[in-house]
Every structure is written in C-alpha cells, then in structure tokens.
Amino acid sequence: MQFSSPIEIQTIAKLIGAKIIGNDSAHATGINEIHKVSFGDLVFVDHPKYYDKCINSAASFIIINKEMSCPNGKALLVVDNPFESYCTIVNTYRPFEPSNSMLSDSAVVDKSAVIFPNVFIGNHVSIGKNCIIYPNVTIMDHCIIGDHVVIQSGTVIGSNAFYYNTKKDREVWYKKMPDCGRVILEDFVEIGANCTIDRGVSHDTIIGRGSKLDNMVHIGHDTILGKNCLLAAQVAIAGATTLEDGVTLWGQVGVNKTLTIGENAVVFGQSGVTNDIEGGKVYWGTPVQEAKTKQRELVWVKRIPELWEKVMGR
Amino acid sequence: MQFSSPIEIQTIAKLIGAKIIGNDSAHATGINEIHKVSFGDLVFVDHPKYYDKCINSAASFIIINKEMSCPNGKALLVVDNPFESYCTIVNTYRPFEPSNSMLSDSAVVDKSAVIFPNVFIGNHVSIGKNCIIYPNVTIMDHCIIGDHVVIQSGTVIGSNAFYYNTKKDREVWYKKMPDCGRVILEDFVEIGANCTIDRGVSHDTIIGRGSKLDNMVHIGHDTILGKNCLLAAQVAIAGATTLEDGVTLWGQVGVNKTLTIGENAVVFGQSGVTNDIEGGKVYWGTPVQEAKTKQRELVWVKRIPELWEKVMGR
Amino acid sequence: MQFSSPIEIQTIAKLIGAKIIGNDSAHATGINEIHKVSFGDLVFVDHPKYYDKCINSAASFIIINKEMSCPNGKALLVVDNPFESYCTIVNTYRPFEPSNSMLSDSAVVDKSAVIFPNVFIGNHVSIGKNCIIYPNVTIMDHCIIGDHVVIQSGTVIGSNAFYYNTKKDREVWYKKMPDCGRVILEDFVEIGANCTIDRGVSHDTIIGRGSKLDNMVHIGHDTILGKNCLLAAQVAIAGATTLEDGVTLWGQVGVNKTLTIGENAVVFGQSGVTNDIEGGKVYWGTPVQEAKTKQRELVWVKRIPELWEKVMGR
C-alpha cells in the first residue's frame, strides 16, 4: 500500500525499534511485499536466502534481521523480528476499523448506482456510475469499484488474504499477516453470485475492464486479471497470479499461485493450471496440457489392453 | 417468458423499428430463446446459419436481420440488429425493478412459511406452505417457491444467467443478455447453504419435486432437474441441461451445458460430464465413463511398467 | 446430543409408544447416531444387519423394530418405526426454534468480540473473546465459537446436515433426518468467506485449535479437524470424516465421508481422497495416491506411444 503521505524513515525506525544503516533522512511512501515493491517502499526480509533479493529490489527501505552494508541511498532497518515489524507498521498506518453501519460514512457511492438492501459497504470504498449491487453483497474497506459494474448477491469483495506466517515450533502454527491491499474492479466488470475476491496482502487484486465472472468464483490475493477475461462457475485462482487479456477459464478450473496465463488462452473445465502457460492455445487436464495432447493421451490409455495382448499373449 | 397479456405484433414492430413480412395482424404471447420456443412466441436470429431453424421452429414471430419469405401465418420482423431488438423487448415488458425493501410488496408469502431475518424477497416472488427460509438468503424477482421447501443460509435463487453476446471486435467483448426467465422450486425441494440457482435466460430453471441439493451447488440458467435428484456439495451444472428423475451426483461433479443425464444415473465425485449419458448406470471420471470402465483403465495404467520391461528389457 | 438433564426411560417410551424390554428404571442422558454413542445414550436401529452392532454398542437404550433379548442393565424400546421415533425424540428435546431477531436473547457474545452489521446469531450460540465476525455471516443455533476466532463474510456455521432417510418406494424419496448436533470452532480458528460448516447430525462438527480455512470450504456434518489444519479454497469434506492434527489440503480437494487423514498429511490440489490415508506423506490424484507414485504414472502414460511403436512397428 501507499501511505496517505510520505513518512520520515526515522519515524518508522522509532515505531519498530530499529537501528538504521544507510540513508536515515529519506521518506517512505509505502510498504509492500517483495512481489510488488517500487521506489520509496518499505519491504521486509527475515531469511538469509532472500537478503540479496530484497536489498537489491526496487524498494528503498529494507526491514531486516541482520546488520549488513547497504546500497547507496537506501536504508536497512535492523530489528530482531522483521515480520512483527511489518505487522506493526501495517496496523499503525492502516488500522483495523470495524464498522457498525451498513454504509460507512467514508464510502463514496455514485448517485446513479443501484444498491439493493442489505449490502455492506465498508470504509473508504468507492463505487462508480451505473453500478448494480445486489442484496447481501459485502464490500470491505478500501475497495474500488469502477463504472458499470454488476455484483450479484452473496459475493464478498475484499475478504482477507489467506496468507500466514508459519512456524511449526509454536502452539498455533499459522499467524495471519495483516493485509493492507485493495480490490479494484475496473469498468464493465460483472461478478456472479457468492464469489469471493480477496484483497491484496500489500498490493492490489485487480479484475480488468470488461471481465466477467460466473457464480462461486474465488480470486486470491494480489491476483490480476486483464481485460475481457471470462471465468465460469467455481473457478478458483490462488494468490499473486496473472491472467493476461482475453483469458477464458471454464467451470471448476483451479489455478496455482504466482503464475501467468497468456493472452487469449482457453482452459477447459476442471483443469488444474500448475505452471505458466502460453497465450493463444487451448488447454486441458491436471496438470494442464494442450488439449489436443491430453486428448491423444486419453486415446493411448485406451490402447493398453491391445498392447498387453500382443506382448503377453493375454 | 410469457407476456402478462398478448401484444399486437404491430406494437412490437413499432417498438423495435421493424418491417413486418407476413402476418401483421397477429398477437405475440411471449418471447423466448430458440431453445424453448412455442406457438405465439417471438424469437430472434442474427446468423444465416440459424435462419432456417428459427423460421421453421414453433415460434410465430422471427426477429431477423434479412428480408426473406415467410411461412403462412407467421411473421418476420426485419431489423438491423436482432439481439438489440430482443433486449429492447425484454427490457420493455420485464423492466428492471430495483427493490428498496427486504420484502417486496408484490411478493406473496404463505402464512405458514418461516422466514428468518435478513432474507431478501424480490418482486413477484411466491413462497408456498410450510417453507423454511434461513437467514441471509436472497430470492430475486419472479421466482416461484413451492410448498415444504427449505432454503438454507446464504443461498441465492434467481441470480442472472451467465449468458453474453460476444463480439471480439469491440472494446468490451461480452455484453450481458437481459434475462427474463424464472427459477421454480417444486414442492419438497431442499437447497443447502451458499448455493446459487440462476434464472432462465428466457424460460425457467426448474428443480423438480423432492430434489435435494447440498451446500455450494451451482445450477445454471434454464437447467431442469427432475424429481428426487440428489446433488452433493460443490456440484456445478452449466446452462440448459436436463437431469431426469432420480439422478445422483456426488461432490464436486461438473456438468456441461445443454446435455441430458438419464433417469437414476449415478455420477461419482469430481467427475466431469461432457456429453449425454444414459440412465440407470454408474459413472466416473473426466471425461465421464461408466465407472467399471474407468476402474479397469486405472488398473491398465498400473501395468505399463510391466509391459515396458517385457518389451524393452528394462 | 446430550439432554439438558437426564430423562426417565419410561418417559421416552411413552413419548414414542414403545414397549420396554430390560432395564425400565434407568435414565437416558442423550441421543446419538450409532457412530458416536456413549453410556447413557439412546440409539436407533431398523435394519437386522445392524441389530447386533447397536445392541452391543456403548449405548444404553436401543430403539428397535424387533423384540429381542437385551443385555443386562440396558433396555430395548420396541417400536414399528425406529427412525420416526428418533425424529420424535429429537424434535421434542431440541425443538426447531425460529428466531425473529438477528441476535438471539439466548446467545452469549463476549464483550471483546467485534460483530459487524448483518450477522445472524441464533439461539444458544456462544462467542468467545477477541473474535471478529464479518458482515453477512450466519451462525445457527447451539454453535460454540471459541476465543480469537475470525469468521469472514458470507460464511454459514451450523447449516443442516445433508443426511436423509431414503426410501425409493415413496413419492418423496429423501426425508431429512432432524439434526441436533453442533458446530464447535476452537480457539484461534479462522474461517474464510462463503464457507459452510454443517452441524453434526447428533454429535458435533469440530474445527480444531488454530486451524485455518480459506474461502468456499465446505465441511460436512460430524467431521472433526485436529489442530493446525490448513485448508485452501473450495475444499469439500463429506460427513463424519477425521483430519488429524496438521493436515494440509490444497485447493479444490474433495474428501469422502467417514474416513481418516493422518497427522501432517499433505494433499495436492484437486485430489479426491476416497480412503483412509496415512500421516506424514504427500498425496495427489483422484483416487489419491502418494504424489511420487502419481507423478511416475504420468510419466509412464507418456511412454505408451514409444511402446506401441516398438511392439506394433507403428
């Protein structure tokens, strides 16, 4: 997320009890996970394996659990537990704000939008022109809904990322990472009934212009759909994945995290996409293959008995 | 859908700016998609491939983008864009009516029904005797709920059909076709929690007497279930498909559009039904096969290493 | 379920019109299905195949449709239709109590819990410390929510078991068995958006301490999850299944009823678990196998064409 205004790095260091190595007079403009950092960002790292990647990323400020040298202009913020420091910063600059009304005072809803009864609209939400939001929809804090968007009943926009800090040596293994990203539905997006679109952990989950989702579609945190994507019922996409423009996923397809599906790819129903796949092709199966390859494979399997008879003489 | 009263075909022609060829003094009694037309219906066609099918269907009035000759008694309504004309007629005779209350004044709910708090009941909905509707259910306009029906929490009845006019040469590829069909739940139907049952595009989605659906079941537009069907959790059925009486689908089964599953068929969990299947048999796999065929296939696959060793000498 | 206080067996016999054989002066302390009976319980049996199992179970009182001899200290309650008698007892001692408010007077919610608007909290529900319940959640009667529990929007806790008495010689084949079990979410459990967790038929559905569920997860009746289980989006688990501690199920996994998944097992996405599987291993496929076995099988299938060419000479 971006802070509402830049924050002196000394202020951040004080908040988390960090020692600064390097540029101690700069301002942080945001905080992000390593997947999506840019200049001015804080980022955190607690595993030696990722030290170099984080220090050499676009991020300007690295919260880290080891004293090291620091590239020019950047700063390290050295603490014992970078994950906890990250949580502290997020909870300070994007605090949990429970609502006690169905429509937050800080939400901005265009007058032309049709909002049915029993729709929850959280803090700082914005809803554009000519939208239709059907009954029993939930739109959590900070989500941005464009113009001409339709959201059908029972759908949840901006649910928490399923993203945990895991340590199996403590009693409760999984500790939720506080999320500060948003969901952005661009213009002409239509979302079916009982879908769930998780907010980004620190960046945004984005559904591109003109994309259409059928019922019970799940979109994970920080996942980005291009324009004119079409997702049939019960598709599930894990976190931080990218669908380029014009991708079609038929019913019950599952897509793994942090991968890319190329432009205009079509994936048949119930397939499992486990790796990057190129655009412009048709896919099928778990793990997914080109559909014609999968179809030939099904034919080959049918021929095993004939082979057996020839080789084994029954 | 059927119109509330017959409409002079001249009135329709004027509404959509059509030239009439043929019988210009008749009345239209309804408008339907080609899948489900009957005498008195309007239908539309914009592709030469389907001209003959539509003109020779049971429909009485064909909205078409070419001047042609017309069978006796019928009429062609010639326009530039039949799809837009269809939309205009539907939007005129079944206009979008946003509700601002949880229970529409035009809904009829039997006194013996138990309606929990936070249930949305739209316009022209009817709910029969001894129904139980649990909290946070949404029932959209024109749906018909029979007697002794149970609908559990979070379920959406009458969500919009996932049905789009597609043109990839415009900026927004998919344009939703306005739907005017209904959902009909017959007597003794029970629907689990967080299900979605889409309304028909122009006809009805019907769940037959005594059928039971587990949680998170998705039923597409215009799909028809017979009596005493049993659908386990997370089943998804696409549009315009037919399940005959007594069909059982186990968990996470996916069923393609516009096909038929025969009486008393049983389909094992996670199967993908891609074609018509006969009744009275047990099925498994994606694509679905008879379960015993699929089971043998699994055994054959296990034997490939033995074949390989025999043929290749390791 | 356990009765709120012990009931004289004579009172029960009178309620269901039963003849008592055996100990007619004892008290029943609860009623349960044969899966989960203990001393003091009533149980029912109507099929000769299960007579012995029920009579020799831990249950003290057997509702049965045949006069037989009875072990010392126990009692048989002989009736024509044991299933109907079971329903009568459940409906008497745990009657259906429709709520007309969003928060039942009999619910106990800790002051530190954050309850968003539009949450339905049924009769006799208890919610512990520091819980967060997001908008549009439904918590049905008798459910127990521990401390530090998070339930995201649209989720339904305590929906009815999908559990039917089936007789195909009557017009309506499936007759719902009234359920009297509960859902228990232990401390530090987190449930995603649009999940459904069914109550037990007569016992409890339990989500163990620290377990985390992603969105659209379905948990069937009487299923028990151990501690620190992790279930990704769109997982579905059927009834009366056990997941031991530390089990991980990736997205869209389906699990059959009445089986056990061992401690720390990991199951890859879209797998179908049809039998008991041992702990400490990694699994994949439908039907599920060890992942490395399944991976080798995929390689073998790719080699069929080479075998074919060798054997058949093209």
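For the range B:278-297, which positions are within 13 Å of chain C (Cβ to nearest Cβ) and in contact with a helix residue (DSSP H, G or I) (Cβ under 7 Å, 6 or more places away or on another chain)? Selection gives B:Trp284, B:Gly285, B:Glu297. If you take the residues in the range B:5-20 that are in a strand (DSSP E or B) and free of Cβ contacts under 8 Å to residues at least 40 places away in the same chain, which one is farthest from B:Asp179 (Cα to Cα)? Applying the filter and picking the extreme gives B:Glu8. Selection of the range C:294-311 for residues being of a type in the set (Val, Ile, Thr), surrounded by 14 or more Cβ atoms within 10 Å (Cβ to Cβ) and at pLDDT 95 or above yields C:Val301, C:Ile304. No other residue among C:Asp198, C:Asp222, C:Asp204 is under 23 Å from C:Ser159 (Cβ atoms), out of contact with any helix residue (DSSP H, G or I) (no Cβ under 7 Å at 6 or more places or on another chain), crowded, with 24+ Cβ neighbours inside 10 Å and of a type outside the set (A, V, I, L, M) apart from C:Asp198.
Taken over the range A:195-222, the criterion of being free of Cβ contacts under 8 Å to residues at least 24 places away in the same chain and either among the acidic types (Asp, Glu) or more than 10 Å from chain B (Cβ to nearest Cβ) (or both) is satisfied by A:Asp204, A:Ile206, A:His218. Pick from the range A:21-35 the residues that are assigned to a loop (DSSP other than H, G, I, E, B) and in contact with a Gly (Cβ under 8 Å, 6 or more places away or on another chain): which of them is farthest from A:Ile64 (Cα to Cα)? That would be A:Ala26.
Quick one: which strands (runs of 3 or more DSSP E) lie wholly within the range A:155-273 and hold at least 2 residues that are more than 17 Å from the chain's Cα centre (by Cα)?
Working: elements: A:156-159, A:164-166, A:174-176, A:182-185, A:196-198, A:204-207.
Qualifying strands (runs of 3 or more DSSP E): A:174-176.
Among the residues of the range A:120-158, what is the count of those that are within 14 Å of chain B (Cβ to nearest Cβ) and not hydrophobic (A, V, I, L, M, F, W, C)? Quick ask: steps written out before the conclusion?
Narrowing the range A:120-158 to residues within 14 Å of chain B (Cβ to nearest Cβ): A:120, A:130-138, A:146-156.
Applying the additional criterion that residues be not hydrophobic (A, V, I, L, M, F, W, C) yields A:130, A:134-136, A:138, A:146-148, A:152-155.
Residues that pass the stated criteria total 12.
Residues that are surrounded by fewer than 24 Cβ atoms within 10 Å (Cβ to Cβ) and either within 13 Å of chain A (Cβ to nearest Cβ) or basic (Lys, Arg) (or both) within the range C:232-249 comprise C:Asp245, C:Gly246, C:Thr248, listed in sequence order.
Would a scan of the range C:137-147 turn up a residue that is over 28 Å from C:Met177 (Cβ atoms), modelled with pLDDT of 95 or more and either touching a helix residue (DSSP H, G or I) at 6+ places or on another chain (Cβ under 6 Å) or not assigned by TED's automatic domain parsing to the domain that holds C:Ala26 (or both)? Let's see the steps before the verdict.
Residues of the range C:137-147 that are over 28 Å from C:Met177 (Cβ atoms), as a first pass: C:147.
With the extra rule that they be modelled with pLDDT of 95 or more, the set shrinks to C:147.
Those still in the list that are either touching a helix residue (DSSP H, G or I) at 6+ places or on another chain (Cβ under 6 Å) or not assigned by TED's automatic domain parsing to the domain that holds C:Ala26 (or both) too: C:147.
Yes.
Quick check on B:Glu190: is it acidic (Asp, Glu) and within 10 Å of chain A (Cβ to nearest Cβ)?
Numbers: acidic (Asp, Glu): yes; within 10 Å of chain A (Cβ to nearest Cβ): no.
Judged against the criteria, B:Glu190 is not a match.
Does B:Asp179 satisfy the criteria of being out of contact with any Ser or Thr (no Cβ under 6 Å at 6 or more places or on another chain), surrounded by 24 or more Cβ atoms within 10 Å (Cβ to Cβ) and either modelled with pLDDT under 95 or not β-branched (Val, Ile, Thr) (or both)? Before the answer, list the steps.
Working: out of contact with any Ser or Thr (no Cβ under 6 Å at 6 or more places or on another chain): yes; surrounded by 24 or more Cβ atoms within 10 Å (Cβ to Cβ): yes; either modelled with pLDDT under 95 or not β-branched (Val, Ile, Thr) (or both): yes.
In short, yes.
Taking the criterion of being among the basic types (Lys, Arg) and within 13 Å of another protein chain (Cβ to nearest Cβ), the residues of the range C:167-187 that qualify are C:Lys167, C:Lys168, C:Arg170, C:Lys175, C:Lys176. Among the residues of the range B:45-73, none is identified as over 24 Å from the mean Cα position of the chain (by Cα), at pLDDT 95 or above and under 10 Å from B:Gly22 (Cα atoms). Working carefully through the options A:Asn256, A:Asn275, find the one that is within 18 Å of C:Gly285 (Cα to Cα) and either more than 10 Å from every other protein chain (Cβ to nearest Cβ) or out of contact with any strand residue (DSSP E or B) (no Cβ under 8 Å at 6 or more places or on another chain) (or both). A:Asn275 is the lone residue from the list that is within 18 Å of C:Gly285 (Cα to Cα) and either more than 10 Å from every other protein chain (Cβ to nearest Cβ) or out of contact with any strand residue (DSSP E or B) (no Cβ under 8 Å at 6 or more places or on another chain) (or both). Candidates C:Thr248, C:Thr260: the one that is touching a Cys at 6+ places or on another chain (Cβ under 9 Å) and hydroxyl-bearing (Ser, Thr, Tyr) is C:Thr248. In the set (1) modelled with pLDDT of 95 or more; (2) within 13 Å of chain A (Cβ to nearest Cβ), B:Cys229 fails one condition alone, (2). What are the residues in the range B:140-160 that are over 17 Å from B:His203 (Cα atoms) and either of a type in the set (Ser, Thr, Tyr) or buried (at least 22 other Cβ atoms within 10 Å of the Cβ) (or both), if any? The answer is B:Val149, B:Ile151, B:Gln152, B:Ser153, B:Gly154, B:Thr155, B:Val156. When the range B:90-100 is filtered for residues that are surrounded by 12 or more Cβ atoms within 10 Å (Cβ to Cβ) and at the interface with chain A (Cβ under 7 Å from one of its Cβ atoms), the ones remaining, listed by number, are B:Pro98, B:Ser99.
Checked against (1) on the phi > 0 side of the Ramachandran plot; (2) surrounded by fewer than 22 Cβ atoms within 10 Å (Cβ to Cβ), C:Lys111 passes all but a single condition, namely (1).
The values are calculated or read from the model by the stated rules, or taken from the named source; none is laboratory data. No experiment lies behind these values; they were computed from the predicted model shown. Note that each Cβ is placed from the backbone with ideal geometry, even for glycine, and that neighbours are counted across all protein chains shown.
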